[in-house]
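Visitor: Got a structure here, written out as structure tokens. Questions coming.
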Protein chains: 2
Amino acid sequence: MIVCRTIAELRTALIEGKSQLSGGNASVGLVPTMGYLHEGHASLMRKSAEENGLTVLSIFVNPLQFGPNEDFERYPRNEERDLALAEQNGIDIAFLPSVDVMYPTKPLTTVLVNQLTDRLCGASRPGHFDGVGTVVSKLFHLVQPDRAYFGMKDAQQVAVIQQMTDDLNFPVTIVPCPTLREPDGLALSSRNVYLTAEQRQQATVLSQSLDQAGEWVNEPEMNAEELVKRVTDKIQQAPLGEIDYVEWLRYPSLQPMDSTEPIRLESERYILALAVKFGSTRLIDNHLFGSSGGDYHV
Amino acid sequence: MIVCRTIAELRTALIEGKSQLSGGNASVGLVPTMGYLHEGHASLMRKSAEENGLTVLSIFVNPLQFGPNEDFERYPRNEERDLALAEQNGIDIAFLPSVDVMYPTKPLTTVLVNQLTDRLCGASRPGHFDGVGTVVSKLFHLVQPDRAYFGMKDAQQVAVIQQMTDDLNFPVTIVPCPTLREPDGLALSSRNVYLTAEQRQQATVLSQSLDQAGEWVNEPEMNAEELVKRVTDKIQQAPLGEIDYVEWLRYPSLQPMDSTEPIRLESERYILALAVKFGSTRLIDNHLFGSSGGDYHV
């Protein structure tokens, strides 16, 4: 595994790496991350290593996608452990740029995705997805991958990046990958490390309420409003949790449903998306429902 | 020359074209245009054909970069003549997509370049450069050129595209090319065809005032305010012209100078940029001054 910290090093490693690829599996995979890697990231790395001749992991905590009162400074970092995990999971090139390498001057250019960013984390974290779109565009141009791998825990991020890729004709296939979970259901996240023991215990309410919703949604006459109400009530049983949002939307358009409109699982696809704060730690989780909804939740 | 109208045709032509390139000159050049080609465009095509093994010309009148009251519908088109000129000037692949090919659904993604788009045509044509940044991003992704050629008549466009390319790490070298002119000095433009005989005659005031400014700027104690005043007075001697802007700015940052600040031709680079309407036809022209300013004006 080659570790690169500058764009020049990355270019050299890519040229050398690509020159060694045989015709049969000459594609390049990219796994963009913010580091502090867990088994969810490892599953993306393994999938890319299976599907591509060369896999690049990027680790970059992107300041552009953090708001002024968010956790950019304290976001957890552990480079040594990350590199060991990358090596064990088939990474060929690890790209760890500094902020100065990625933004040598103040960037004046922003890649904006409208509409899909109006709700959920886009509403709670203004500017977040502008930062995501911009840094993912940069990484796509620097690495020029054939495929890029993203976890479905960040389902809105996947929808935004797919839309951006289609709209701008990026020559990249976006590969969404299933959310990985702890044995008790908590979705894996680098931010779980912030939780106290008591918060950690109550945090299972997110996945439990998503599971419960999977039963409720099959009740006759169920609609979005009732479903959101029941999930909200269920989450509120965890006294340490403070709800940021509970939303039932179409996926991937992220458009809301009319409250009188029936849920059509046989023909439409929906997302139930949650964001809940435990102290200053904001956790998100989601489940897709309906037509092909199970694709990402094996 | 292969003519492509769909993305699938373009992909096939690029794969075939690239497969025939030898190692020595395996690069791809792109000349993005809105068609109604003139000798200025021809000079870009010839330069690209000289520098690259494969040259792609795109012709696309991009609705996103026209305002609601601008000339999108009546923008001049002559496909047959354009294709003949392209063939004569070394084009290998001509890409002529329809609006539906470029925007099969309403695009939600915009590539915004801030700051550089606040003045000049960015101020006069709100949203214009968002449309330019977006369509150029799409063309860069579709063609994946090594070099892209742009005329310096649109100097602000060159500055915006260079900034976008740097900020987003597009793997493309931007090649600015000199403005070509009629024998009497009028900058070549597809929009010149709109001018009446009398407007056409008076339109020489743009290049004449830029030439005159080239003398005034060498006077001791000359400053931006005085220079702009003299150029404005000179243009106002053409009774059919109506000034949109006359601006003296740093280039390529397009930042204004403090009015008391001396002009430093030996160390700084500046642009004198003009936009003047003759009836409903808006003409632009510019000249670069100062350090390396002559590069594009041979």
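The values are calculated or read from the model by the stated rules, or taken from the named source; none is laboratory data. From a predicted model like this one, the values you see are computed outputs, not experimental measurements. For neighbour counting, all protein chains shown are included, and Cβ atoms are generated from backbone atoms with ideal geometry for every residue, glycine included. Heads up: the accessible areas ignore ligands, DNA and RNA and are worked out on the full protein's heavy atoms, side chains in. Shrake-Rupley method; radii C 1.70, N 1.55, O 1.52, S 1.80 Å.
Visitor: Which Cα, out of B:P176, B:Q163, B:M102, lies furthest along the positive dipole direction of the range B:2-177 (beta carbon charges, K/R +1, D/E -1)?
Guide: Of the options given, the answer is B:Q163.
Visitor: State, to one decimal in nm and shortest first, how far the label point of A:E266 sits from each corresponding label point in the other identical copies (label point: 7 angstrom along Cα-to-Cβ).
Guide: From this label point to the equivalent ones elsewhere in the assembly: 8.4 nm.
Visitor: Return the ratio Rg/(2.2 N^0.38 Å) for the protein assembly as shown, where Rg is computed over Cα atoms only.
Guide: The value comes to 1.10.
Visitor: Relative contact order of chain B: what whole-number percent is it, with Cα pairs under 8 angstrom and at least 6 residues apart?
Guide: Over chain B, the number comes to 16 percent.
Visitor: Counting DSSP beta bridges with both partners in chain B, what percentage is antiparallel, nearest 5?
Guide: Here the antiparallel bridges make up roughly 50 percent for chain B.
Visitor: How far, in nm to one decimal, is B:N114 from itself in the other copies if the label point is set 7 angstrom along Cα toward Cβ? Shortest first, please.
Guide: Its label point is 1.9 nm from the equivalent points in the other copies.
Visitor: Next question. Can you tell me how the range B:174-256 classifies by the Cα gyration tensor, rounded, prolate or oblate, using a/c under 1.5 as the rounded cut?
Guide: oblate
Visitor: Give the angle, between 0 and 90 degrees and rounded to the nearest 10, that separates the Cα long axis of helix A:79-88 from the longest principal axis of the Cα atoms of chain A.
Guide: 80 degrees
Visitor: Expressed in whole Å with the largest first, what are the equivalent ellipsoid semi-axes of the range B:1-97 derived from the C-alpha gyration tensor as the square root of 5 times each eigenvalue?
Guide: Semi-axes, largest first: 25, 15, 11 Å.
Visitor: As an exercise, use a Förster radius of 25 Å and the Cβ-Cβ distance of B:A123 and B:T260 to find the FRET efficiency, rounded to the nearest 0.05.
Guide: Computed FRET efficiency for B:A123 and B:T260 comes out at 0.60.
Visitor: Can you compute 3J(HN,Hα) from phi for each residue in the range A:102-113, using the Karplus curve 6.51 cos²θ - 1.76 cosθ + 1.60 with θ = phi - 60°, rounded to whole Hz and x for Gly and Pro?
Guide: These are the phi-based 3J(HN,Hα) values: 7, 10, x, 10, 4, x, 9, 9, 10, 9, 9, 10 Hz.
Visitor: For B:P68, which inter-copy label distances result when the label point lies 7 Å beyond Cα on the Cα-to-Cβ vector, reported in nm to one decimal and in ascending order?
Guide: Taking the point 7 Å beyond Cα along Cα→Cβ, the inter-copy spacings are 3.4 nm.
Visitor: Given the alpha-carbon gyration tensor of chain B, what are the semi-axes of its equivalent ellipsoid in whole angstrom, ordered largest first, with each equal to the square root of 5 times an eigenvalue?
Guide: 33, 21, 19
Visitor: Residue by residue through the range A:36-53, what is 3J(HN,Hα) from phi via Karplus (6.51 cos²θ - 1.76 cosθ + 1.60, θ = phi - 60°)? Round to whole Hz and write x for glycine and proline.
Guide: 6, 5, 10, 4, x, 4, 4, 5, 5, 4, 5, 5, 5, 5, 5, 8, 9, x
Visitor: Here is a further query. Return the FRET efficiency for the residue pair B:S280, B:L21: r is the Cβ-Cβ distance, R0 is 60 Å, and the value is rounded to the nearest 0.05.
Guide: 0.85
Visitor: Follow-up. In the range A:160-204, what residues drop by 40 Å² or more in accessible surface going from the chain by itself to the full protein assembly, probe 1.4 Å?
Guide: When all protein chains are present, A:D167, A:L168, A:N169, A:P171 each give up 40 Å² or more of accessible surface.
Visitor: Under the rule of at least 5 residues apart or a separate chain, name every residue whose amide H is placed under 5 Å from the amide H of A:F150.
Guide: Placed amide hydrogens put A:V175, A:C177 under 5 Å from A:F150.
Visitor: Can you pull out the buried accessible area for chains A and B, both sides counted, probe 1.4 Å, rounded to the nearest 100 Å²?
Guide: 2300 Å²
Visitor: Here is a follow-up. What net charge do the residues around B:M102 carry, taking every other residue with its C-beta under 14 Å from that of B:M102, with Lys and Arg at +1 and Asp and Glu at -1?
Guide: Combined, the nearby Lys, Arg, Asp and Glu give -1.
Visitor: Got a number for carbon plus sulfur as a percent of chain A's accessible area, 1.4 Å probe?
Guide: 47 percent
Visitor: Pairs A:K138/B:K18; B:K47/B:K234; A:K229/B:K106; B:K106/B:K153; B:K47/B:K153; A:K47/B:K106: which are spaced more than 27 Å apart, C-alpha to C-alpha?
Guide: B:K47/B:K234; A:K229/B:K106; B:K106/B:K153; A:K47/B:K106
Visitor: As I understand it, the dipole of chain B uses +1 on the Cβ of Lys and Arg and -1 on the Cβ of Asp and Glu, about the Cα centre. Which of B:A26, B:G214, B:Q199 lies farthest toward its positive end?
Guide: Positive-end residue among those listed: B:A26.
Visitor: For chain A, with every protein chain kept in place, what is the accessible area per residue (1.4 Å probe, Å²)?
Guide: Here the per-residue accessible area is 43 Å².
Visitor: Still on this structure, please answer the following. Which ³J(HN,Hα) values, rounded to whole Hz and listed in residue order, are derived for the range A:195-206 from phi using the Karplus coefficients 6.51, -1.76 and 1.60 in 6.51 cos²θ - 1.76 cosθ + 1.60 with θ = phi - 60°, glycine and proline given as x?
Guide: Karplus values, whole Hz, x for Gly and Pro: 6, 6, 4, 5, 4, 4, 5, 6, 5, 5, 4, 5.
Visitor: Under 9 Å from the Cβ of A:G90, count the other residues' Cβ atoms, weight Lys and Arg +1, Asp and Glu -1, and hand me the total.
Guide: -2
Visitor: Which values of log₁₀ I(q)/I(0), to two decimal places, follow from the Debye formula for the range B:91-199 at q = 0.11, 0.12 Å⁻¹ with a uniform point scatterer at every Cα?
Guide: Those come out to -0.44, -0.52, one per q.
Visitor: Can you figure out the FRET efficiency of B:E225 with B:T196, using R₀ = 35 Å and their beta-carbon distance, to the nearest 0.05?
Guide: 0.55
Visitor: A further question follows. Taking the Cβ of B:D167 as the centre, find all other residues whose Cβ is under 15 Å away and add up their charges (Lys, Arg: +1; Asp, Glu: -1).
Guide: -2
Visitor: Whose amide H sits under 5 Å from the amide H of A:F95, counting only residues 5 or more places off or on another chain, with H placed in the peptide plane?
Guide: Long-range HN contacts for A:F95: A:C4, A:L57, A:S58, A:I59.
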